[in-house]
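Quick notes on the structure that follows.
The values are calculated or read from the model by the stated rules, or taken from the named source; none is laboratory data. Source: prediction; values computed, not measured. Every residue, glycine as well, gets a Cβ built from its backbone with ideal geometry; the counts of neighbours run over all protein chains shown. The area values use the complete protein model at the heavy-atom level, side chains included, leaving out ligands, DNA and RNA. Shrake-Rupley method; radii C 1.70, N 1.55, O 1.52, S 1.80 Å.
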Amino acid sequence: MNRPRKTLAAIVATLFFAPAAFADDPPAPKLYHWVSADGKDHYSDVLPPEAMTQARQEISKNSGMTLKNVDRSLSPEERAAAQAKADAEAKAAEAIEKAKQTDVVLLASYPSEAEIKRAYDERVAMQAESLKATRIGLDSQQQGLSSLLIAASNLELSGKPVNAQLTTSIKATHAQIVEQQQTEMQQEVQAANLIKERVATMSRYRTLRAAAEAAHSGSTPTSAPTIPPPKG
């Protein structure tokens with residue numbers, strides 16, 4: 001006996017009109033628990049607007065078990081502080097990673113302390129030459145200003161006015177001297193920092209070498225602050 005075949009329409013009807021076999025289970029009833037600003041505990045089937053930003057628990061009415069814990073909403077100031085902390089931690093992690101890479105480059109670039117000393121000696125010599133040139137130029141400008149001031153003084157002593165061209169030259173020379181003096185101060189600071197950097201780099205290099213040797217001998221290596229490798 002042949003069984004009747006279901007038509008497409010019958011199949012579709014079965015899928016769409018079948019009872020709860022294809023329906024989602026209804027959500028489990030739950031209870032909200034939160035503590036108000038005055039320290040009182042509250043329980044409710046519905047979460048009121050004033051409790052939306054409070055820390056709360058969502059509890060199953062059927063089992064009494066906690067379904068979810070929700071932290072309170074952060075204020076704009078707290079969010080800003082949290083973001084600042086996250087940024088600082090990310091920056092610190094980046095600095096640590098960069099320091100590790102710097103150490104690798106330092107060891108790979110210089111086979112001995114002598115090579116580091118040579119590189120820094122070249123940089124120190126170049127810095128000294130630059131500072132020397134600045135001071136020579138500054139001395140020349142100061143002598144030029146002195147001559148201009150004497151010329152202006154002689155004109156005044158003889159009862160003649162200081163002409164506009166001389167006045168302009170005096171002002172321009174003085175401005176150049178001030179600029180050169182600032183350059184000289186910057187170069188002096190750079191030279192002092194370079195000497196400090198050389199000392200720190202040599203110390204770090206010795207520590208890294210000692211750590212590499214300790215890795216082979218089983219000793220405990222020492223540590224030192226990381227500094228950038230020398231350029232040149």
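Is it the case that Ala80 is exposed (fewer than 11 other Cβ atoms within 10 Å of the Cβ), in a helix (DSSP H, G or I) and either at pLDDT 85 or above or of a type outside the set (Lys, Arg) (or both)?
Details: exposed (fewer than 11 other Cβ atoms within 10 Å of the Cβ): no; in a helix (DSSP H, G or I): yes; either at pLDDT 85 or above or of a type outside the set (Lys, Arg) (or both): yes.
No, not satisfied.
Would you mind telling me which numbered condition in (1) basic (Lys, Arg); (2) under 24 Å from Gln54 (Cβ atoms); (3) at pLDDT 90 or above Arg123 fails?
If we test Arg123 against (1) basic (Lys, Arg); (2) under 24 Å from Gln54 (Cβ atoms); (3) at pLDDT 90 or above, just (2) comes out false.
So Val178 ticks every box in (1) open to solvent by less than 50 Å² (accessible area, probe 1.4 Å); (2) assigned to a helix (DSSP H, G or I) but one. Which box is left unticked?
Of everything listed in (1) open to solvent by less than 50 Å² (accessible area, probe 1.4 Å); (2) assigned to a helix (DSSP H, G or I), Val178 misses just condition (1).
Could you go through the stretch 195-206 and let me know if any residue there is under 26 Å from Glu122 (Cβ atoms), open to solvent by 60 Å² or more (accessible area, probe 1.4 Å) and among the aliphatic types (A, V, I, L, M).
yes
Here is a list of conditions, (1) out of contact with any Lys or Arg (no Cβ under 9 Å at 6 or more places or on another chain); (2) open to solvent by 90 Å² or more (accessible area, probe 1.4 Å); (3) under 30 Å from Ala200 (Cα atoms), and Ala93 meets all of them except one; can you say which number that is?
(2)
Just to be sure before I move on: is Ile136 open to solvent by less than 80 Å² (accessible area, probe 1.4 Å) and under 47 Å from the mean Cα position of the chain (by Cα) in the structure I sent? Full working, then the answer.
On the way: open to solvent by less than 80 Å² (accessible area, probe 1.4 Å): no; under 47 Å from the mean Cα position of the chain (by Cα): yes.
No, not satisfied.
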